[in-house]
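The values are calculated or read from the model by the stated rules, or taken from the named source; none is laboratory data. Source: prediction; values computed, not measured. With ideal geometry, Cβ positions are generated from the backbone for all residues, glycine too; neighbour counts draw on all protein chains shown.
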Amino acid sequence: MDGVVRGLVVYLFLLLVFRLTGKRTLGQMTTFDLVLVLIISETVQNALVGQDRSLTHAALLVLTLIVLDLGLSLWKQRSPRVDRLLEGLPLVVMRDGQPVREAMEHERIDETEILAAARAKHGLTSLEQVRHAILEKSGEISIVPRRR
């Protein structure tokens with residue numbers, strides 16, 4: 001039972017940490033983000049398994065984490081309030097062609113990332129061609145181009 005409690009605590013702690021660090025953390029991973037995820041996984045491994053390294057304990061821990069994840073997914077699906085709390089809301093980072101600096105700074109997004117999304121999704125070559133940019137709950141940047 002100790003493994004189940006450890007799994008729940010670590011899962012909820014990581015969920016809170018990633019929620020507090022913003023959507024950008026979950027968007028496109030950079031090399032640095034990948035290294036961080038690997039270090040985090042190694043760091044929490046001992047907290048999860050403790051001294052019990054048995055196959056039974058590992059299976060119970062995996063099952064606990066999957067059931068917790070499925071449970072939270074179902075809860076978010078049924079409750080918009082829980083979904084907002086856990087996932088946040090889409091955030092406008094460029095409105096009517098003008099950067100929303102406060103939102104960009106809060107989410108650690110710069111204009112080059114908006115332009116990269118505009119290029120990748122619509123073939124746009126300058127920010128003047130972007131009407132709106134929205135940071136989605138997933139961390140992805142959606143682009144609404146200006147009408148030509």
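Checked against (1) surrounded by 12 or more Cβ atoms within 10 Å (Cβ to Cβ); (2) within 30 Å of PRO145 (Cα to Cα); (3) within 20 Å of the chain's Cα centre (by Cα), VAL10 meets all criteria but (2).
One line per residue, one yes/no per condition, for (1) outside the structural domain of GLU140 (by TED's automatic domain parsing); (2) modelled with pLDDT under 85; (3) in a helix (DSSP H, G or I):
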site	(1), (2), (3)
VAL35	yes, yes, yes
HIS57	yes, yes, yes
VAL82	yes, no, yes
ALA103	no, no, yes
THR112	no, no, yes
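If I filter region 102-148 down to residues being surrounded by 13 or more Cβ atoms within 10 Å (Cβ to Cβ) and among the β-branched types (Val, Ile, Thr), which single residue comes out as nearest to LEU91 (Cα to Cα)? Ranking the candidates gives ILE134 first.
Given the conditions (1) without any contact (Cβ under 8 Å) to a residue 12 or more places away in the chain; (2) among the basic types (Lys, Arg); (3) in contact with a Gly (Cβ under 7 Å, 6 or more places away or on another chain), and given that ARG101 satisfies all but one, which numbered condition is not satisfied? Result: ARG101 fails condition (3) only.
Acidic (Asp, Glu) and surrounded by fewer than 16 Cβ atoms within 10 Å (Cβ to Cβ): does that describe ASP83? Steps first, answer last, please.
Working: acidic (Asp, Glu): yes; surrounded by fewer than 16 Cβ atoms within 10 Å (Cβ to Cβ): no.
Here the answer is no, as ASP83 does not meet what is asked.
May I ask you to list the residues in region 104-140 that are touching a residue at least 12 places away in the same chain (Cβ under 8 Å), closer than 30 Å to VAL82 by Cα and acidic (Asp, Glu)? Hits for region 104-140 are GLU107, GLU113, GLU136, GLU140.
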